[in-house]
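Novice: Would you mind keeping the following structure in view while I ask a few things?
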Amino acid sequence: MARKPKLAVWKFASCDGCQLSLLDCEDELLAIGEAVEIANFAEVSRAVVRGPYDISLVEGSITTPHDAERIHGVRRASKVLITIGACATAGGIQALRNFQDVKEFISIVYARPEYIRTLATSTAIADHVPVDFELRGCPINKRQLLEVLLAYLHGRRPLIHRHSVCMECKLRGTVCIMVSRRVPCLGPITHAGCGAICPLYQRGCYGCFGPNESPNVSSLSDAWLSAGAAPAEVVRVLQTFNAAAHPFADGAAALATRRVNATEQGA
């Protein structure tokens, strides 16, 4: 009897939402369970099967010295390593610490800060070890997750579209809210995958799926500013779920610099 591929799911600094997306697959999960041996998945079972693992799904970012070491062990034990979600692919919402003094946060939150062992930054898994595929989202799209798993189980490349949320609006017939209502929206620079839910309800995209393949953050920022948005507002929306993703982080930094220069010139 042929051996089933071993699937492991690992958690680092995160909310568990992307792991739960796998459990949300429900009926499809039964089929996955028949095709693979779930060797390590704390959300499902306390049982742990020793590696090596054929496929590892990694949720969460690296925020502690311990996790910075642990991810190397996961990488060595995994033939294929797939990162899932904004935390694993871009540092997540906790990467907001990257722009502030984390020691100050610790001193305010914890009664005994000396017991806390943390890093000054929250970083993506790919900043520490080689990653075979990054699946974006906060949380991820369960259909995309199934596609990635099936692709690697069958030895083919995952069919995950790299276009922006704008394309999803076009596909579902949603009128562009930036054009029709002048609502600020990150759709033009955000990776597809959510189905353009927010624009459907007349809300601007929040960038949950991170930057798309070729985001023109500078151009979109200029469009927001010309529509009356303040630089601080644009910086705020870029620094959310994927704050440390390089296109978003660089765009926010450029706007912050522009704001400082404008203030100095006004003074």
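Rule-based calculations on the coordinates, nothing more; no lab input. Since the structure is predicted, the reported quantities are computational estimates derived from the model, not experimental observations. Virtual Cβ from ideal backbone geometry, glycine too; neighbours counted across all protein chains shown.
Novice: Provide Ser122, Ser61, Ser219 in ascending order of the number of other Cβ atoms located within 10 Å of each residue's Cβ, fewest first.
Specialist: Numbers: Ser122 26, Ser61 31, Ser219 12.
Result, fewest neighbours first: Ser219, Ser122, Ser61.
Novice: So which DSSP H runs in the chain come out at 15 Å plus along the axis (Cα) with average Kyte-Doolittle of at least -0.5?
Specialist: Values: long enough: 65-77 (19 Å, -1.28); 142-153 (16 Å, 0.69); 246-266 (30 Å, -0.40).
Membrane-span-like by this rule: 142-153, 246-266.
Novice: Return, ordered by residue number, the residues of the stretch 100-123 whose backbone nitrogen is under 11 Å from a label point located 7 Å along Cα→Cβ of Thr64.
Specialist: Those under the cut-off are 116-119.
Novice: List the chymotrypsin sites (Phe, Trp or Tyr not before Pro) within the stretch 168-267 that fall in a DSSP loop (any state other than H, G, I, E or B) and whose Cβ has at most 13 other Cβ atoms within 10 Å. It would help to have the intermediate numbers written out before the result.
Specialist: Numbers: sites: Tyr201, Tyr206, Phe209, Trp224, Phe241, Phe248; in loops: Tyr201, Tyr206, Phe209, Phe241.
Answer in residue order: Tyr201.
Novice: Let me know the number of lysine pairs in the chain closer than 27 Å at the Cα, not counting same-chain pairs under 8 apart.
Specialist: Lysine pairs meeting both conditions in the chain amount to 9.
Novice: Which value, in nm² and rounded to one decimal, describes the direction-averaged projected area of the C-alpha convex hull of the stretch 138-267? Each step should come with its number before you reach the end.
Specialist: Values: hull surface 34.2 nm².
It is 8.5 nm².
Novice: Most exposed first by the Cβ proxy, i.e. fewest other Cβ within 10 Å, how do Lys103, Lys6 rank?
Specialist: Values: Lys103 12, Lys6 21.
So the ranking, lowest neighbour count to highest, is Lys103, Lys6.
Novice: Still on this model: Send over the Kirkwood Rh of the stretch 71-181, from the inverse of the averaged 1/r over different Cα pairs, rounded to one decimal Å. Walk me through the intermediate numbers first.
Specialist: Details: mean 1/r = 0.0584 Å⁻¹.
Kirkwood hydrodynamic radius for the stretch 71-181: 17.1 Å.
Novice: Quick one: Val235, Val49, fewest Cβ neighbours within 10 Å first, how do they rank? Intermediate results must be reported in sequence, preceding the final value.
Specialist: On the way: Val235 21, Val49 13.
Ranking Val235, Val49 by Cβ neighbours within 10 Å, fewest first, gives Val49, Val235.
Novice: Next up: Hey, could you get me the Stokes-Einstein D for the chain, Kirkwood radius over alpha-carbon pairs, 4 °C and 1.567 mPa s, rounded to whole µm² s⁻¹?
Specialist: For these conditions, the coefficient is 65 µm²/s.
Novice: Could you give the length gained on full extension between Asp132 and Asp27, defined as 0.36 nm per residue of separation minus the Cα-Cα distance, in nm? Spell out each step's value before the answer.
Specialist: Values: separation 105, 0.36 × 105 = 37.80 nm, distance 2.67 nm.
Taking Asp132 through Asp27 to full extension adds about 35.1 nm, to one decimal.
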